[in-house]
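Student: One structure, pasted below without further comment.
The values are calculated or read from the model by the stated rules, or taken from the named source; none is laboratory data. As the structure is a computational prediction, the values presented were derived from the model and not from experiment. In this analysis, Cβ positions are derived from the backbone assuming ideal geometry, glycine residues included, and neighbour counts consider all displayed protein chains. Side chains included, ligands, DNA and RNA excluded: accessible areas come from the protein's heavy atoms. Shrake-Rupley method; radii C 1.70, N 1.55, O 1.52, S 1.80 Å.
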Amino acid sequence: MSVAAAAAPSSAAAALNINDLPFEILCDLFDYLPLTDIKTASLVCHRWHQIIFSELYIKRFKLMISLNEILPQLKLMAQILEKSDREYYSIFLKANLGLPLTMARLKIVQFVVQQICQNAESLYFNMADLRLESCVSERLLRSRKLQLIDTRAKYIPLGMGLKESMLAAICDYSPDLVDLVIAEMNINNPKALEKLSQLSQLKLLLISDYYPYALPPLPPINLPNLENLSLINTTDQATFYFKTDNLKRFFIHTNGTDAPKTMQSIATNISAISRLCVHFTARTILPEHVFEQLDKFPNLATLELGAVAIPADVLKLMHPSSLLHKLIFVECHLETLFLADLKAKLPELRQLVFDSCMLFQAGQGFQRVQYHDLEPLRRDLPNCRVLLDYD
C-alpha cells in the first residue's frame, strides 16, 4: 500500500467539520452546555449564532410546573428543583384562579424567582400578568439585536399575596441588581415596596400604575446609588416614598390636577436632580406654575414637560435661570412657538425640542408642528438648536 493511500483515511477525517452536522444534532450538543456557555458559543460563528437564537432552539429551554398538585407532590417537586442544575429559558407556573398561596407553593415560586434573578443585572416584573424577565443591562448593549433574554416566568394570578411575595423574593435574591422595572403594579399597599431598600446598587428604577393612598413609609425607602427614577401613571404622593441622594434624572407621569402641588412634592424630596421630566394626564394643568417652581431645583439643566397646553406667556411667573440649557415639549398644544420673554428668562438655553407637538394655525386649528414651522424660530435663536423629534 502506498504512503498516499495509507494517508487517505486520515485526510478524509481531517476534512470533517462540526458544522457539517445537521441542525438537530448541534442542538443536542448545545443542550449539554449551561446557559452562560451557550451565549459564548453563539459568538463562535454565524451559523451557531443563528441556531442558538432561532425560535426552535430557544423554546427548548422551557419548564412547565403545575401548582395544582397536592401537598406531597408539591414538596417532592420542590426537592427535585433544588437538586437540579439545569437552566431554562422559560418557566411557566400554572395554577387555578383563587388557589391559596400555601407555603409549599410559595417555596416553588421563590425557587423559580431565584433562578431568574441569578446574576441578573436588569429585571422586568409585570405585576398584571405576573411575568418576570431578566436580561443584560441595556447600558452594556451595542444594539437591540444583542439583547439576551435569559429566563422568563409567567404566572396565573393567585392573589395579591403572590405579587408581593415575588417582589420580596426579587429583592432577596438580587442584591446587586442595577436596573428594575415594575410595570402595572396596581396595588396600594404602602409596605409592598419597602424591601427595595435591600437593592443598594440599584441605579435605575421604573414603577408604573402605582396609586398609594396611605401615608408613605417612615423612614422613606433609601436607594443611595439610584440615578434614574421614573414613576408612570401614579399619584404625587409616590414621590415621598424614596430617599435618593444621588438622583440625576426624575420622570413622573402624574394623574394629579394641581401643578403647584405636584412641583412642591417633587421639590420637597427630589431637588438635586439635573434632569426633570413632568408629564400630566389632565389637559387643564396650568404649566406656568411648573416654570414658577423651577428655582427650587438649583442643579436643573434639562426640563421636559409633557401633555399640557402651552400659552404664549407660559414663562410669566418664572425667575430667570442661567442653568437651564435644554427645554423639551412632548405632546403639547402650543399657542405659538415664540414664547414671551424666552431670551430673558432662559439666557443660556442651548436646545429647544418639540416632540410630537401641535401648533395652533389661524383658520386651521391645531396642526402637527412641521420642520418649516421652526425656521423663523431658528433665525430668532441663533445660539440655540431648535429641533423636531417625532417617534
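Student: I'd like the accessible area for Lys326, computed on protein heavy atoms only with a 1.4 Å probe and all protein chains in place. Round to 10 Å², please.
Tutor: 50
Student: Can you compute the modelled spin-label distance between Ala282 and Asp258, with each label point 7 Å from Cα toward Cβ, in nm?
Tutor: The two pseudo-label positions are separated by 0.9 nm.
Student: What distance in nm separates the two pseudo spin-label positions at Glu335 and Phe366, each 7 Å out from Cα along the beta-carbon direction?
Tutor: 1.4
Student: Then there's this: Roll a 1.4 Å probe over the protein chains and send me the accessible area per residue for the stretch 264-376 in Å². Could you put the intermediate results ahead of the total?
Tutor: Working: 4900 Å² over 113 residues.
It amounts to 43 Å² per residue over the stretch 264-376.
Student: Follow-up. Figure the gain on full extension for Val44 and Tyr211 (residue separation times 0.36 nm, minus the Cα-Cα span) and round it to one decimal in nm.
Tutor: That works out to 55.3 nm of additional length.
Student: With +1 on each Lys and Arg Cβ and -1 on each Asp and Glu Cβ, how big is the dipole of the stretch 197-311 about its Cα centre, in debye rounded to the nearest 20? Spell out each step's value before the answer.
Tutor: Details: 8 positive and 9 negative charges, 47 e Å.
Here the size comes out at about 220 debye.
Student: Here are some pairs, Lys296/Lys326; Lys243/Lys296; Lys248/Lys326; Lys39/Lys163; Lys296/Lys316; Lys195/Lys243; which of them have Cα atoms lying more than 23 Å apart in this structure? It would help to have the intermediate numbers written out before the result.
Tutor: Numbers: Lys296/Lys326 17 Å; Lys243/Lys296 17 Å; Lys248/Lys326 15 Å; Lys39/Lys163 31 Å; Lys296/Lys316 17 Å; Lys195/Lys243 14 Å.
Too far apart for the 23 Å limit: Lys39/Lys163.
Student: Specify which residue in the list Asn233, Leu324, Ser208 is farthest towards the positive end of the charge dipole of the stretch 186-335, using unit charges on the beta carbon of Lys, Arg (+1) and Asp, Glu (-1), about the Cα centre.
Tutor: The residue sitting farthest along the positive end of the dipole is Ser208.
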